[in-house]
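Taking it in order: structure first as structure tokens, then the write-up.
Where a number appears in this text, it was derived from the coordinates with a stated rule and is not lab data. Everything numeric in this text was worked out from a predicted model, so none of it was measured. For neighbour counting, all protein chains shown are included, and Cβ atoms are generated from backbone atoms with ideal geometry for every residue, glycine included.
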Amino acid sequence: MNSYDIAVIPGDGVGKEISAEAVKILNAVATKYGFKQKTETFEWGCDYYLKHGKMMPDDMLETLKGVDAIFLGCVGDANKVPDHISLILILSIRKGFDQYVNLRPIKLYPGVETPIKSARPETVDMVVVRENTEGEYSATGGFFKMGTPDAVATQTAIFTQKGCERVMRYAFDLARKRKKLGGSPKGMVTNCTKSNALNYSMVFWDKVYHQVAQDYPDIKTDMALVDALTMWLVKNPDYFDVIVASNLFGDIITDLGAMLQGGMGFAAGGNINPEGDYPSMFEPIHGSAPKYAGKGIVNPVATIESIRMMMDHLGETQASRDIERALSQVLKEGKVKTRDMGGRHSTAEMGDAIKDAILLIKK
Ligand code: IPM
Ligand code: MG
């Protein structure tokens, strides 16, 4: 029997309540598909910071190193800790575990409303592959002459051959896989760039993209400047298959992507270390919404979708497929809706509905 150790980091705000739904689904699929899973919860985040002066213990990576996967709720509470400090928790795991792919599927389920007119279940099915360890998020720079009229801040983006190449390879492999599975017959990787203005970093990025593309003659190449890309995503979402983007650009376009898929309550991401040298981490990409904390009203779909991605990553493909089916069924039926969907059901009721649907699906 397969057995998985899963670390759960609820984080701040609504993190606790969505983590409960994550564990609920994990338990359901483990029982149904005959694997064992053991979750251990780590209470790191802003409250930990208020007590200890840091977001997490110094040996966090050591503690997490041995687990099979990590579920991260959501981190940040600007009333307690400035955001540029609280996000150290998430960024330390992404970088420390070399989770160089931030995988963000953008899919609109039937029954889910979106504010974007062009978005329909038939037109929204793409994946953003976001570089997750370097680029604009390399945390390199400095302040000079602070507090004087000559104050200066610099922030240096770092693009390495290895860093660009490996994420692009992942994107091309993914496009190939999607084409083979028939999910997306397009077989195309769009390069999200800005090489017209960023004349070093993005020119280099494009160059690596074209180098890697040579190894994938069966996959179409495509390119869009990031500003234009935001426009195309709204105008013609059906055009896209796989998009590869740098850390910052990927961050920006996936919030737009979340709107295509119905809102932040539906968008999930995987921080993947493809080689499996370290555990990968799965999370809803929404924030921690401290004002809703403890009210039990937020939508757990993004969380459950992140558990689906975790199952997929662990090789529990049947569990993954059935979570997807259950999500699809419940959303299409539309009997259970959380507040963001215009309904009155609670976080737990939505989680229960999806869990029940999973249990009812024939194996
Ligand atoms: C995300 C978030 C994070 C990011 C923040 C919280 C550091 O916006 O996962 O998209 O920018 O990567
Ligand atoms: Mg973001």
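Taking 8 Å as the Cα distance limit and 6 or more residues as the minimum spacing, I'd like the relative contact order of the chain as a percentage. Each step should come with its number before you reach the end.
Working: 751 pairs, mean separation 82.5, N = 363.
Normalised by residue count, the contact order of the chain is 23 percent.
Where the centre of each part is set by its Cα atoms, how far does segment 305-353 sit from segment 219-255, in angstrom?
Spelled out, the Cα-based centre of one part sits 26 Å from the other.
Output the antiparallel fraction of DSSP beta bridges having both residues in the chain, as a percent to the nearest 5.
On the way: 20 of 48 bridges.
So the antiparallel bridges amount to about 40 percent of the total.
Using a simple spin-label model with points 7 Å from Cα along the Cα→Cβ vector, what separation in nm is obtained for LYS332 and MET223?
4.1
Ranking request for peptides 12-25, 156-169, 99-112: highest mean number of other beta-carbon atoms within 10 Å first, then the rest in descending order.
Numbers: 12-25: 23.7, 156-169: 17.9, 99-112: 21.7.
Top to bottom by mean Cβ count within 10 Å: 12-25, 99-112, 156-169.
With a cut-off of 18 Å, note down the residues of segment 116-159 whose backbone N falls inside the zone around a label point 7 Å from the Cα of TYR292 toward its beta carbon.
Under 18 Å, as judged by backbone N against the label point of TYR292, lie 116 of segment 116-159.
Can you tell me how much longer the chain between MET146 and ASN2 gets when fully stretched, taken as 0.36 nm per residue apart minus their C-alpha distance, in nm with one decimal? Could the numbers behind the result be given before it?
Numbers: separation 144, 0.36 × 144 = 51.84 nm, distance 5.55 nm.
Fully extending the segment from MET146 to ASN2 adds 46.3 nm.
What percent does the relative contact order of segment 1-133 come to when contacts are Cα pairs within less than 8 Å and at least six residues apart? Don't jump to the answer; show the numbers that get you there.
Details: 199 pairs, mean separation 35.0, N = 133.
Worked out over segment 1-133, it gives 26 percent.
Return a whole-number percent for the relative contact order of segment 115-260, with Cα pairs under 8 Å and 6 or more residues apart as the contact set. Don't skip to the answer; put the middle values down first.
Numbers: 230 pairs, mean separation 55.8, N = 146.
Here the relative contact order equals 38 percent.
First measure r as the distance between the Cβ atoms of GLN155 and LYS65, then evaluate 1/(1 + (r/R0)^6) with R0 = 41 Å and state the FRET efficiency to the nearest 0.05.
Details: r = 30 Å, r/R0 = 0.73.
Working from the Cβ atoms, E equals 0.85.
For a Förster distance of 41 Å, can you work out the FRET efficiency between the beta-carbons of THR123 and ILE85, rounded to the nearest 0.05? Don't skip to the end; give the middle numbers.
Values: r = 40 Å, r/R0 = 0.97.
Rounded to the nearest 0.05, the efficiency is 0.55.
Mind jotting down a quarter of the surface of the convex hull over the alpha carbons of the chain, in square nanometres, one decimal?
Details: hull surface 76.2 nm².
For the chain, averaging the hull's shadow over all directions gives 19.0 nm².
Tell me the label-point distance for the pair ASP47, LYS177, using the 7 Å Cα-to-Cβ offset, in nm and rounded to one decimal.
Taking the simple label geometry, ASP47 and LYS177 are separated by 3.6 nm.
Quick one: what do you get for segment 115-260 if you divide its Cα Rg by 2.2 N^0.38 Å?
On the way: Rg = 16.9 Å, N = 146, 2.2 N^0.38 = 14.6 Å.
For segment 115-260, the normalised Cα radius of gyration is 1.16.
Only Cα pairs within less than 10 Å get springs; with that Gaussian network setup on the chain, which residue of SER195, SER280, SER288 has the largest fluctuation?
Fluctuation is largest for SER195.
For an R0 of 41 angstrom, estimate the FRET efficiency from the Cβ-Cβ distance between LYS36 and TYR200 and round to the nearest 0.05. Don't skip to the end; give the middle numbers.
Values: r = 50 Å, r/R0 = 1.22.
Working from the Cβ atoms, E equals 0.25.
Please report the antiparallel percentage of DSSP beta bridges with both residues in segment 1-157, rounded to the nearest 5. Kindly include the intermediate steps, with their values, before the conclusion.
Values: 12 of 23 bridges.
Antiparallel bridges make up about 50 percent of those DSSP assigns within segment 1-157.
At 222 nm, what value in deg cm²/dmol follows for the chain if DSSP H runs of at least 4 each add -39500 (n - 2.57) and the sum is divided by all its residues, to the nearest 500? All intermediate terms of the calculation are to be shown ahead of the outcome.
Numbers: 12 runs with 147 residues, N = 363.
Calculated mean residue ellipticity at 222 nm is -12500 deg cm²/dmol.
Rounded to the nearest angstrom and ordered from largest down, what semi-axes does the equivalent ellipsoid of segment 217-330 get from its C-alpha gyration tensor (root of 5λ)?
On the way: eigenvalues 123, 83, 46 Å².
They are 25, 20, 15 Å, listed from largest to smallest.
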